[in-house]
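Inspection log for the structure reproduced underneath, given as structure tokens.
Please treat every number below as a calculation from the coordinates, not as lab data. Worth saying up front: this structure is predicted, and the values here are computed from it rather than measured. When we count neighbours, we look across all protein chains shown, and the Cβ atoms used for this are built from the backbone with ideal geometry, even at glycine.
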Amino acid sequence: AQSVTQLGSHVSVSEGALVLLRCNYSSSVPPYLFWYVQYPNQGLQLLLKYTSAATLVKGINGFEAEFKKSETSFHLTKPSAHMSDAAEYFCAVSTSGTYKYIFGTGTRLKVLA
Amino acid sequence: DTGVSQDPRHKITKRGQNVTFRCDPISEHNRLYWYRQTLGQGPEFLTYFQNEAQLEKSRLLSDRFSAERPKGSFSTLEIQRTEQGDSAMYLCASSAGLAGVNIQYFGAGTRLSVL
């Protein structure tokens, strides 16, 4: 069975500062990993995905994430936060042959002016 | 490609009433998923279809819940005898069903409030 843990339900950063959102996963088989963003009253938008190719994955809006098998982590980063990044971010895991996603509980990012 | 659309966006109902939600997936996608998201939580898997076949149901999906995808296109999720605990955002997603990684595209959701 797979699971996802997102440390920090709320993260605040200043505009222009580094964004780091943490995700740790558990999976008995090689995982596929995803980061989604959710703006208020909207659905989830895919930011980036890890599919066992490059361990450093670049996504939209300047976000990237690094898959670290030894740490079972897939943390999301962005060098410089923008006010428009304020949203809720979800990490999810899936595996080959299982179609459902298992999501973490989410991290709400607040960007301070 | 108009994305995944869900209708209605909001539904307010009284306890004990039945409600039905509709999801229209991306047109070429043969897999369709339903998730439920409660306040402060991530989406939780409810069920999924490949074409018209319902291939997996979560234990979260009680007997009061039923989902259909009659012609392998749109899907409906019905909740009978709604309870206050059913209040949540119901999200639909679809994917192309290709081999390997399965990327799901989400609709904006239907927010259900049970009074």
Next item on the list: Work out the count of Lys pairs in the protein assembly as shown where the Cα-Cα distance is under 19 Å, with the pair 8 or more places apart or on different chains.
Entry: 12
Margin query: Could you give the length gained by full extension between A:Thr5 and A:Ser26, i.e. 0.36 nm per residue of separation minus their alpha carbon distance, to one decimal place?
Written below: 6.7 nm
Checklist line | Distance in nm between pseudo-label sites at A:Arg108 and A:Ser84 (7 Å out along the Cβ direction from Cα) | finding: 2.3
Next item on the list: Taking the Cα centre of the protein assembly as shown as origin, work out the dipole magnitude from +1 charges on Lys and Arg Cβ and -1 charges on Asp and Glu Cβ, in debye rounded to 20.
Entry: 360
Check: Once label points are set 7 Å from the Cα along Cα→Cβ at both B:Glu83 and A:Leu18, what is their separation, rounded to one decimal in nm?
Finding: 4.7
Next item on the list: Using +1 at the Cβ of each Lys and Arg and -1 at the Cβ of each Asp and Glu in chain A, identify which of A:Tyr32, A:Leu76, A:Ala1 lies farthest towards the dipole's positive end.
Entry: A:Ala1
Checklist line | Residues in the stretch B:47-66 that a label on B:Arg15 would reach, taking backbone N under 16 Å of a point 7 Å out along Cα→Cβ | finding: none
Item checked: For the stretch A:47-69 and the stretch B:62-89, distance of Cα centres in Å -> 34
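Taking the Cα centre as origin and putting +1 on Lys and Arg beta-carbons and -1 on Asp and Glu beta-carbons, what dipole magnitude results for the stretch A:4-71, to the nearest 20 debye? Walk me through the numbers on the way to the answer.
Details: 5 positive and 4 negative charges, 36 e Å.
For the stretch A:4-71, the charge dipole is close to 180 debye.
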Check: Distance in nm between label sites at B:Phe74 and B:Glu28, each 7 Å beyond Cα in the beta-carbon direction?
Finding: 2.3
